Structures are given as structure tokens and as C-alpha cells.
1. For the stretch 200-277, what are Rg and Dmax over the alpha carbons, in angstrom?
2. Taking the Cα centre of the stretch 81-231 as the origin and placing charges on Cβ (Lys, Arg +1; Asp, Glu -1), which of Ser197, Ala144, Ser181 is farthest toward the positive end of the dipole?
3. Put a dot 7 Å past each Cα toward the Cβ at Asp23 and Arg105; how far apart are the dots in nm?
4. If R₀ is 35 angstrom, what is the calculated FRET efficiency for the pair Thr116 and Phe245, using the beta carbon separation as r and rounding to 0.05?
5. Once the other residues with Cβ under 14 Å from the Cβ of Gly206 are scored (Lys, Arg +1; Asp, Glu -1), what is the net sum?
6. Place a +1 charge on the Cβ of each Lys and Arg in the chain and a -1 charge on the Cβ of each Asp and Glu, then give the dipole magnitude about the Cα centre in debye, rounded to the nearest 20.
7. Rounded to two decimals, what is the ratio between the C-alpha radius of gyration of the stretch 175-236 and 2.2 N^0.38 Å?
8. Give the distance, in whole Å, between the Cα centre of the stretch 1-23 and the Cα centre of the stretch 206-226.
Amino acid sequence: MSRRGAELRAWSVGASELLWRADPQVWDAVAPLLFPVVGWCRDGQARVDGRAYPMPVHGFAASSEFALEERGENFVRFSLAESARTLAHYPFRFRLEAEYRLSPRDLSVRLRVANTGDRVMPYACGLHPGFAWPFCGGEQGDYAAVFAQAEEPSVPQIAPGGLFCARRRPVPLDGRRLPLSPELFAQEALCFLDARSGSVALEGPGGGRIEVAADGFAHWALWSRPGAPFVCVESWTGHGDPEHFGGDLRDKPGMILLGPGETRTHGAELRYGAPGP
């Protein structure tokens, strides 16, 4: 674990390393937390009450120093609150808690978002774990992403600047099963918005399996860099700005509006199934 971003940096079950090892030449993150936006804001700016605030892709949580609140034998809890640094990007008072709990084959992640201010607070959050690919032998083409339910076999096109288009492109999804290959990610992430599925599993040779079961997230995204030895299974509450969006942050599609004093919890269970003999 790292206090920077409250980021999970490694997860193994037995001798199996399940998360990818960060490589600054490819992608220096492992499992960043996304807050208070998911994806890109148009022109890198979030607009609140007529004022533009610089907003990094996926927000600022991943680059923030969290406080260590509590630590036990198999759990840890971090927190982040507003500061001069965050207020320069996001003019709201908040508290974000991230808790991780480990069991022999499972790992749970919980995000708790609280509005500690006196006005409605728009936010989005997400989990962005990068898994080793392959993680149980074989080649990358031996793996598939399997959704809990059948999803639409097309995804939004991503315009320059990370903006979401109304146009869609097909993906080779056969009901619930999407074969994985490096070429699949040549045109950016695959974003399944308003998905039916509550879980997505990566399945490999011999029955090896990593399942991500999400609670409180509306969208799934799969992402890698062509040729890189990782694949991300991301759960999001929101997404990048639509291509022609220029409105207030509270009107951005997918934002959650949290009233003063209110809290909301989002979480996921990561479950590992070892391949058979």
C-alpha cells in the first residue's frame, strides 16, 4: 500500500502475483483511485458556478497524500479531506475514505464519500486496478473478459482529449464473453456505460480467474496499452465529458449530487480462483 493516492501496489495469492508491477516507461500506476471526476474534463477544466478549475484526468485523488487512519492485521483505512491544494481544483469540502480488507483469496475495497460542506457537492469516483496479463500462464490471447450478463457489443468512440462521442464502434463481444488481445485496445478504453453486469471476470488458461464484483458503480471499462503486460478492469460511477459538453460540473452526465452532511459508499470485491491441475 502507498499513502500517495491510498493506492494498492501489490496483491498476491500464494505464489501468484495478480497485479501488474508498475513500469514508468509504460504506466507508472497500479490501482489508482479516481475522484472527484472520472475521465477527462473538456479542455482539462471543471466548471463550477461560472468559474473554470483545472482538473487532471480522473481527478486528483491518485496524486494526493492520504492520512493513515487505522491499520490492522488484514485491513487498512486511509482518508483525504479538502485542502488548499484540492480547493484549487474542486471548490467543495469533502472527506474521502478508502478501506482495504484482505482474506486468503479475496480483497475488498471500499470508498466512502462524505460532503462536509454546506452546499450540494457533485462528484464521481472509480476503481482502476491493473492486473497482470497473463496472470496464470499462457499468452495474452488465451484470456477473456466475462461479464455477469450479456452487454451491448459496441462502445462509445473516444474523441481527442478523452471526450465521449455519440458515435459507437463494435467490439467482439459474444453475449457475455469478450476475447482479449493487444489489438483490442488500439483505439482507447472499452467503456460499457450503464452496464447490466454487477461483475466482470478475467478468465485464463486452466480455469484461472480474477473476478471484480462492484457495488455502487454504474459503468465498466477495460483498458490496456497495446503490447503492455496488464489489463485494467475499472468500475466507475461517472465518465469523461461528452464531446460537446461545456456545462457546470453538477450537470455533467454521471455525476452524483451529494447533499450537505450526506455520505455514499462504493465498493468492490476482487476474487481469485486458481487454475486447476
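1. Rg then Dmax for the stretch 200-277, in Å: 17.0, 55.
2. Ser197
3. 3.0
4. Numbers: r = 28 Å, r/R0 = 0.79.
According to the calculation, E is roughly 0.80.
5. Residues near Gly206 contribute -2 overall.
6. Values: 29 positive and 33 negative charges, 76 e Å.
In total the dipole reaches around 360 debye.
7. Working it through for the stretch 175-236, the quotient is 1.12.
8. Going from one Cα centre to the other spans 16 Å.
Values quoted throughout were computed directly from the atomic coordinates according to the rules given, and no laboratory measurement underlies them. Bear in mind the structure is a predicted one, so any value in this text is a computation, not a measurement. Cβ atoms come from the backbone with ideal geometry, glycine included; neighbour counts cover every protein chain shown.
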